[in-house]
Amino acid sequence: DKLGDVNTWIDKGCNTYINTNTRRKEGEKRTIQNEMTDILNLGKIFNVEDKSQKIVDNMQSKIDKALKAAEGQEKQNVLMVEFLGDEISNYGANSLGGDMITSLGGNLVAKDQSKLGKEDIVSLNP
């Protein structure tokens with residue numbers, strides 16, 4: 001790697017921070033909560049804790065509002081995809097997108113992170 005790993009930068013006297021969702025271990029989920037934790041951590045690092053707390057509070061408020069609006073509603077089937085050239089990539093249960101869907105009360109119809117074909121999308125019927 002041209003830039004070097006974390007230890008390369010530490011050896012040069014440069015502090016590093018790796019986002020929680022970036023350094024996850026195999027099988028660990030990327031989550032909204034991890035994103036909020038990172039925002040709060042960056043607030044501490046840059047001495048702007050009040051600003052970072054406001055951002056997280058705003059995020060949580062929007063999540064709470066969405067959950068309240070969904071109370072008593074039938075769960076919606078959801079599929080989150082990204083078009084990458086000729087491939088269609090699915091955001092599974094361990095992805096941040098998958099966590100957002102399930103945390104907000106959606107039913108993730110394709111839980112494995114994988115490549116999908118157009119026929120797969122039709123058969124999943126999100």
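Each reported figure results from applying straightforward, stated rules to the coordinates on display, with no laboratory input. A quick note: this is a predicted structure, and the numbers were derived from the prediction, not measured.
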Problem set entry | Solution diffusion estimate, µm²/s, Stokes-Einstein, segment 75-126, Kirkwood Rh from C-alpha pairs, 4 °C, viscosity 1.567 mPa s | 119
Problem set entry | Over 29 Å (Cα to Cα) - which of LYS62/LYS118; LYS29/LYS54; LYS29/LYS51 fall in this group | LYS62/LYS118
